[in-house]
Amino acid sequence: MKRNRKTAYKESEGEDTVKETYSTEEAIKRWDANAEAYTKGYTEEGDLHREVFLNPCLFTLIGDSTDKKILDAGCGEGYLSRKLAHDGASVTAVDYSEKMLEIAKEKTSSSVDVTSFHGNCETLPFLEDSSFDLIVSNMVMQDLSDHESALREMYRLLIDGGSFIFSILHPCFVTPESGWEKNDQGEKLHWNVDRYFYEGVYEQRGIGENDKILYYHRTLSTYMNSILQTGFMVEKVEEPTPSKEILEKYPAFEEDFRCADFIVFKVVKK
Ligand SMILES: C[S@@+](CC[C@H](N)C(=O)[O-])C[C@H]1O[C@@H](n2cnc3c(N)ncnc32)[C@H](O)[C@@H]1O
């Protein structure tokens, strides 16, 4: 039997490596180093996983964004900010990687209603209290060393009744040691999950060479309790699967009905 771990982004052998020492600055240094490679395959729909899973789910949860003030927290190269602005929103985009922001600025025409800032989502003192109708954060919360501070910051920045929608790697299935169990013919028998309760910072295999991207594995209960302790009400939780139309275009994603790669939360400031 072979064990082949599939990260949400690509297949790779082995286990994630736990890092004993880390800092937000170290994580961002690695995002800077990998920004070009990470975003190379992006279209205006993001990468394939965003097109297949995340965008349909996020836009259903977002609903009508016309005239809304939206923060894209951890905007990366900015495809989501641009899509929201094209839908009529006024978008503020923040990322802590200078390199990502540089790419985002190159890709975003000045006529699009997106204003970008360099900032750490864990603390954004240059943004005023209650200044956004909606905050989206696509695949960022698992990259933050202090997700609790970030949740508190999102709460502060929202108007009363405003929503925070965020996606992360599904913590129950994408763990420090998870992957397909395959037979000798390479057929996928089942998905293994291990080390679920080993919360901590890991180097993500498949992205980067000597400076692999860091991610912070946390259990589902850690995320849920942090959301509730911040004061948010949970409105919706989604585990996105590909639609029938998407499967006609990309039949290989049929296997994603066996377990979930992503989870998306819509939480509301009470
Ligand atoms: C997985 S990428 C997602 C980018 C974008 N949201 C997307 O869906 O394409 C994570 C992004 O979070 C940014 N990031 C990581 N830590 C951050 C922090 N503390 N504050 C702000 N941005 C951060 C990284 O620079 C990177 O652009």
Report every pair of residues separated by at least 6 positions or lying on different chains whose Cβ atoms are under 7 Å apart, first residue within the stretch 121-138 and within 20 Å of L61 (Cα to Cα), second acidic (D, E) and in a strand (DSSP E or B). V136/D72
Taking interchain pairs and intrachain pairs at least six residues apart, which have beta carbon atoms under 7 angstrom, with the first residue in the stretch 16-31 and over 20 Å from P171 (Cα atoms) and part of a helix (DSSP H, G or I) and the second more than 10 Å from the ligand (Cβ to nearest atom) and at pLDDT 70 or above? R30/G208; R30/D211; R30/K212
Does D72 meet the test of being near the ligand (Cβ under 9 Å from one of its atoms) and either more than 30 Å from E248 (Cα to Cα) or of a type in the set (F, W, Y) (or both)? yes
Here, strands (runs of 3 or more DSSP E) confined to the stretch 200-245 with at least 1 residues that are charged (D, E, K, R) and either at pLDDT 95 or above or within 17 Å of the chain's Cα centre (by Cα) (or both) are 200-203, 232-238
Could you list all residues from the stretch 149-165 that are under 19 Å from E26 (Cβ atoms) and either away from the ligand (no atom under 12 Å from the Cβ) or in contact (Cβ under 8 Å) with a residue 60 or more places away in the chain (or both)? A150
Do we have S116 as within 15 Å of the ligand (Cβ to nearest atom), touching a strand residue (DSSP E or B) at 6+ places or on another chain (Cβ under 8 Å), closer than 22 Å to Y216 by Cβ and among the hydroxyl-bearing types (S, T, Y) here? no
Could you say whether any residue in the stretch 42-61 is within 30 Å of E235 (Cα to Cα), at pLDDT 95 or above, charged (D, E, K, R) and assigned to a strand (DSSP E or B)? no
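The values are calculated or read from the model by the stated rules, or taken from the named source; none is laboratory data. Bear in mind the structure is a predicted one, so any value in this text is a computation, not a measurement. In this analysis, Cβ positions are derived from the backbone assuming ideal geometry, glycine residues included, and neighbour counts consider all displayed protein chains.
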